[in-house]
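In what follows, a structure is listed as structure tokens, so that the remarks can point back to it.
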Amino acid sequence: MYKKITSDIIEELSKIVGGNNVLTDAEDMEPYSHDEVVALKADPEVVIKVTNSEQISKVFKLAQQERIPVTPRGAGYGLSGGAVPIHGGIVMSTEKMNCILEIDKKNLMITVEPGVITGDIHRAVEEEGLFYPPDPASLDSCSIGGNVAEGAGGPRAVKYGVTKDYVCGLKAVLPSSEQITCGGKLVKNVTGYNLIQLLIGSEGTLAVVTEIILRLLPLPKVKIDLQVPCDDFLTAANIVSSIIAHRIVPTTIEFMERDSVIAVERLLQKEFPHHDAEAHLLIQLDGNRQQSVEADSEEVGELCLKHGAKDVLIARDRPTSDRLWEARRMIIDALKHESPINHMEDVVVPRAEIPNLLEGIKKIAQRYAVRIISFGHAGDGNVHVNVLKDDIPENRWKSLVPATTEDIYRLTLSLGGMITGEHGIGCTRRRYLPLALDKAQIELMRQIKTVFDPKHILNPGKIYL
Ligand SMILES: Cc1cc2nc3c(=O)[nH]c(=O)nc-3n(C[C@H](O)[C@H](O)[C@H](O)COP(=O)(O)OP(=O)(O)OC[C@H]3O[C@@H](n4cnc5c(N)ncnc54)[C@H](O)[C@@H]3O)c2cc1C
């Protein structure tokens, strides 16, 4: 289907991006053969590091002419194999397009290149007393271009929304090599179809994003964190519902199940308070006035105890807050420590369905005699479900992963949910797309893909089988 890369093509690419931005050595290209999905790997034939949109446009002209696949790549911290070049060809890394171009304090906007690390945006705007709320847990590693392409979320989604709620403008290069500018420093804009929102979450299959304008907020001055151990998930879920029903919207409402806290204890060799509690909630409140955040946190604490929480631990300063959040931050590392191979799902349900989801997942774990540990975002219904390989033999594991995945998805869909909340379809979930979306929607999406990319050179093999 696709042409192989020849020495002539490498020469052409070197002319476009400069010889020092072309990698062909197998060892140098190895980091670009995978993202953070364990056991998904495909070798690029060449890696190029682009530095501007004119180069990207020229590379697309060449790729069209020769019919070569191009896989865009940010930082490679994806969790669905989106940046893995499964058809070989060119990996196009945006890591060198990493400039913060402008912080516009008058319009409360920041303009960035796609390769900027998300945490650097946070730090840059916070120095100016401003706030970019989307906070994927990988923020110190992943790029903003990857966040846009995946429609990334994070714990603060409950109050502040996700990446798509902050993008006001985008520049992108289409596979046809044309460059487009969508939106701008505009809070309102309904001029034509909303191509910005179409590109967000398109997983690098429609265009390569080259510049992003993000809306900013004033940085909240006060934060209070609460850790709430509970005897079961129903109690935790009732607490969440009662807080929302009392018209208090916390910044974050995270949950951890007991096994995840115990896994972190084993990793760090330390004990956490109430580690025997079946469920833990981590609630953060923020605002500008100490008094009102204090009042909300007191009300939340009372609601927690009224609805059966075992205790409420409160942090008003950074060191105490870091201690409360330590277990949550270390879960992914702790699960890797428990079992170096494990399979992570990213399902999302209406938040009131979380207890039903977790109960159903426990039954799936029993049915397949496998350890499944869940944690995630109780405030927005997004649950990370981890199936641990432990010492399960390889041949059983190979059939167990698709079987448990399908059962988890069917359960999620039966509860009104969807198969991914923030990690994307990529390679790893594409065979399950027909479970989640009807034929007509998938066909429409395929047609949109073909309009953007008639020769299917841009990130082929992603989202659809
Ligand atoms: C420990 C850990 C924690 C995580 N926590 C979260 C979390 O809380 N929330 C969350 O949403 N995700 C989370 N993730 C997943 C991941 O970090 C996000 O999906 C992130 O957005 C990926 O960014 P990246 O730069 O690494 O993208 P990559 O992995 O490099 O690429 C991801 C996709 O974006 C495309 N792409 C990259 N740059 C561009 C561009 N400029 N134009 C067009 N397409 C492009 C690629 O082709 C690919 O399809 C986590 C991952 C890890 C490893």
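The values are calculated or read from the model by the stated rules, or taken from the named source; none is laboratory data. Remember, predicted model here, so these are calculated numbers, not experimental data. Virtual Cβ from ideal backbone geometry, glycine too; neighbours counted across all protein chains shown. Areas reflect the complete protein model, heavy atoms only, side chains present, ligands, DNA and RNA absent. Shrake-Rupley method; radii C 1.70, N 1.55, O 1.52, S 1.80 Å.
Odds and ends about this structure:
- Residues satisfying the stated conditions in the stretch 184-199, i.e. within 14 Å of the ligand (Cβ to nearest atom) and open to solvent by 20 Å² or more (accessible area, probe 1.4 Å): LEU195, LEU198
- Residue among LYS164, LYS159 that alone is in contact with a helix residue (DSSP H, G or I) (Cβ under 7 Å, 6 or more places away or on another chain), in a helix (DSSP H, G or I) and modelled with pLDDT of 95 or more: LYS164
- Filter pass, ILE86 being away from the ligand (no atom under 15 Å from the Cβ) and more than 18 Å from the chain's Cα centre (by Cα): no
- Within the option set VAL158, VAL162, being in contact with a His (Cβ under 9 Å, 6 or more places away or on another chain) and either more than 27 Å from ARG316 (Cα to Cα) or surrounded by 17 or more Cβ atoms within 10 Å (Cβ to Cβ) (or both) holds for one residue only, VAL158.
- Selection count, the stretch 11-39, where residues are open to solvent by 40 Å² or more (accessible area, probe 1.4 Å) and modelled with pLDDT of 95 or more: 13
- Cβ pairs under 6 Å, 6+ apart, first in the stretch 148-159 and closer than 18 Å to PRO350 by Cβ, second of a type in the set (A, V, I, L, M, F, W, C): GLY153/VAL162; VAL158/ILE253; LYS159/VAL249
- Within the stretch 61-82, being near the ligand (Cβ under 6 Å from one of its atoms) and assigned to a loop (DSSP other than H, G, I, E, B) holds for GLY74, ALA75, GLY76, TYR77, GLY78, LEU79, GLY82.
- Boolean, ILE314 is closer than 25 Å to GLY426 by Cα and of a type in the set (Val, Ile, Thr): no
- Residue pairs whose Cβ atoms lie under 8 Å apart, separated by 6 or more positions or on different chains, with the first residue in the stretch 358-371 and without any contact (Cβ under 8 Å) to a residue 40 or more places away in the chain and the second part of a loop (DSSP other than H, G, I, E, B) and among the charged types (D, E, K, R), are VAL370/ASP390.
- One residue stands out in the stretch 98-134 among those that are touching a Ser or Thr at 6+ places or on another chain (Cβ under 6 Å) and touching a residue at least 60 places away in the same chain (Cβ under 8 Å): the one that is surrounded by the fewest Cβ atoms within 10 Å (Cβ to Cβ), namely LEU101.
- Selection of the stretch 11-41 for residues being in contact with a Lys or Arg (Cβ under 6 Å, 6 or more places away or on another chain) and either touching a residue at least 60 places away in the same chain (Cβ under 8 Å) or within 12 Å of the ligand (Cβ to nearest atom) (or both) yields ASN21, HIS34.
- Within the set ARG351, ARG329, the sole residue that is in contact with a Gly (Cβ under 7 Å, 6 or more places away or on another chain) and either closer than 19 Å to VAL158 by Cα or at pLDDT 90 or above (or both) turns out to be ARG351.
- Where a residue in the stretch 185-203 is over 30 Å from ALA83 (Cα atoms) and its partner, wherever it lies, is open to solvent by less than 70 Å² (accessible area, probe 1.4 Å), with Cβ under 6 Å and at least six apart: LEU186/CYS168; ASN189/GLY183
- The residues of the stretch 309-342 that are charged (D, E, K, R) and not in a loop (DSSP other than H, G, I, E, B), listed by number, are ARG318, ASP322, ARG323, GLU326, ARG328, ARG329, ASP333, LYS336, GLU338.
- Residue in the stretch 146-155 that is more than 13 Å from the ligand (Cβ to nearest atom) and open to solvent by less than 40 Å² (accessible area, probe 1.4 Å) present: no
- Filter result for THR210 (within 16 Å of the ligand (Cβ to nearest atom) and of a type in the set (Ser, Thr, Tyr)): yes
- For ALA137, the stated conditions do not hold, so it cannot be described as assigned to a helix (DSSP H, G or I), open to solvent by 10 Å² or more (accessible area, probe 1.4 Å) and hydrophobic (A, V, I, L, M, F, W, C).
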